[in-house]
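One structure is given below, encoded as structure tokens.
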Amino acid sequence: MKFDSGLVISGKTDKLGRTKMAYTPQEENIALTRPENPPLKKEQYYRASDNQQVERVMEFKE
């Protein structure tokens, strides 16, 4: 959170894991920002096997 007065409060929660509270003596505008998450790494998976067709039978039981 960044206030018009220049005060900046960072973090999501306090030491006990509770939502942070911010008070100012007078009404101010607040700019809320969120941290940027790095993009997820894409992984490629390869399947090594012969190209023969495989028949699979599924049994459903009640």
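The values are calculated or read from the model by the stated rules, or taken from the named source; none is laboratory data. All of these numbers come straight from a predicted model, not from anything done at the bench. Neighbour counts are summed over all protein chains in view; Cβ atoms, including those assigned to glycine, are modelled from backbone coordinates with ideal geometry.
Okay, here's what the table says:
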quantity	calculated
Residues that are of a type in the set (Val, Ile, Thr) and surrounded by 10 or more Cβ atoms within 10 Å (Cβ to Cβ), drawn from segment 9-62	9, 24, 30
Selection from segment 22-55 of residues that are free of Cβ contacts under 8 Å to residues at least 12 places away in the same chain, closer than 30 Å to residue 1 by Cβ and of a type in the set (A, V, I, L, M)	40
For residue 49: the one exception among (1) under 30 Å from the mean Cα position of the chain (by Cα); (2) at pLDDT below 80	(1)
Per-region count, segment 1-37, residues among the β-branched types (Val, Ile, Thr) and part of a loop (DSSP other than H, G, I, E, B)	3
